[in-house]
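The values are calculated or read from the model by the stated rules, or taken from the named source; none is laboratory data. What you are looking at is a predicted structure, and each value in this text was computed from that prediction instead of being measured. Positions of Cβ are backbone-derived with ideal geometry, glycine not excepted, and every protein chain shown enters the neighbour counts. For accessibility, only protein heavy atoms count, side chains too; no ligands or nucleic acids. Shrake-Rupley method; radii C 1.70, N 1.55, O 1.52, S 1.80 Å.
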Amino acid sequence: MMRFPFSNVLAFVALVAVSAPLFAQQTAKGRPEDTEVWEPVPKVVTPGATNGAPPSDAIVLFDGKNLDEWVSAQDKSPAKWTVADGVLTVNKTKGVGNIETKRTFKNYQLHIEWRIPENITGSGQARGNSGVFLASTGPGDDGYELQVLDSYNNKTYVNGQAGSIYKQAIPLVNANRKPGEWQTYDVVWTAPTFNDDGSVKTPAYVTVLFNGVLVQNHFELKGQTLYIGKPFYKKYDTAPIKLQAHGDKSEPISFRNIWVREIP
Ligand code: MG
C-alpha cells in the first residue's frame with residue numbers, strides 16, 4: 001500500500017483551491033478567438049510614393065495639367081483660372097469668380113496644396129485670401145469654408161486666419177510657412193445629415209492637418225460659415241468642393257496636387 005505524505009495532500013488541496021477560481025474566470029471570459037474579427041478584410045491601398053502624392057484609390061482633382069475636373073461656380077461654364085508650370089493660379093479678373101468641382105461629394109478625405117506669392121502685399125484679410133469650401137451647397141449659400149490666407153506674420157481675427165473654419169473655429173496652432181513656400185491641407189470632412197423636414201439630424205465635423213500639424217480636431221460645425229451673422233444649416237445631400245477667388249487686391253495665390261478620397 002502506497003503511503004502519501006500528509007504534506008503532499010496539503011499541497012494538492014492548496015493547488016485545487018488556488019486554480020479553481022482562475023479556471024472558472026477563464027471560461028467565463030471565453031476564448032481569445034471569440035474576439036477576433038477576420039472579415040471584411042480592409043481593401044489594400046498603395047500609398048503615394050511621397051507624402052502628399054495621391055494614393056491608388058484617390059480621385060485626382062488637379063494633377064498640374066488641366067482644369068477638366070472644375071467649372072465656374074457661377075454658371076458651370078469651363079473654369080477660367082490659370083494653369084501653368086503644373087500650378088493652378090486664381091484668376092482675380094472681375095467676373096471670373098470661384099471655381100468648383102464637377103463631381104459632388106458627401107464624406108471625404110481631401111489633400112490640397114497652396115502657396116502664397118513671395119511678393120504678397122496687403123494686410124489682414126486682404127493678404128492672400130482664398131478658401132477651400134468643403135461643401136459648395138449652391139448659389140447664394142455661403143457654404144463651409146476652410147480659410148486660406150497668409151497668416152505667417154499677418155494679424156487678423158483668429159477665427160479668420162489660415163487653418164480656421166471661417167468665423168467658427170480658431171486653429172489649434174499657427175502652422176503657417178513663409179510666403180513663397182508650398183503648404184498643405186489634409187482634411188477629413190463628415191457632411192451634415194438632415195431629416196426630411198430639413199432639420200439637422202447630425203452636424204458636420206471637420207479634422208484638418210495644416211502642413212502635417214493638427215489644427216482642427218473633429219470640430220463640430222454650427223452651420224455654414226457666414227461673413228455676417230450667426231451660422232445656420234441648410235439641407236443638402238452631396239456638394240462640390242469650391243475654391244475662392246477673393247475680391248481683395250493682393251497678388252493671386254496658387255494651388256497644386258489636389259485629390260480626394262470618398263469615405264463610404
Ligand atoms: Mg477666404
State whether the residues of region 58-66 include one that is more than 30 Å from residue 47 (Cβ to Cβ), basic (Lys, Arg) and either out of contact with any Cys (no Cβ under 9 Å at 6 or more places or on another chain) or open to solvent by less than 30 Å² (accessible area, probe 1.4 Å) (or both). no
Are there any strands (runs of 3 or more DSSP E) wholly within region 159-246 with 3 or more residues that are of a type in the set (Val, Ile, Thr), and if so which? 182-190, 205-210
Filter region 141-163 down to residues that are near the ligand (Cβ under 9 Å from one of its atoms), surrounded by 24 or more Cβ atoms within 10 Å (Cβ to Cβ) and without any contact (Cβ under 8 Å) to a residue 60 or more places away in the chain, then give me how many there are. 2
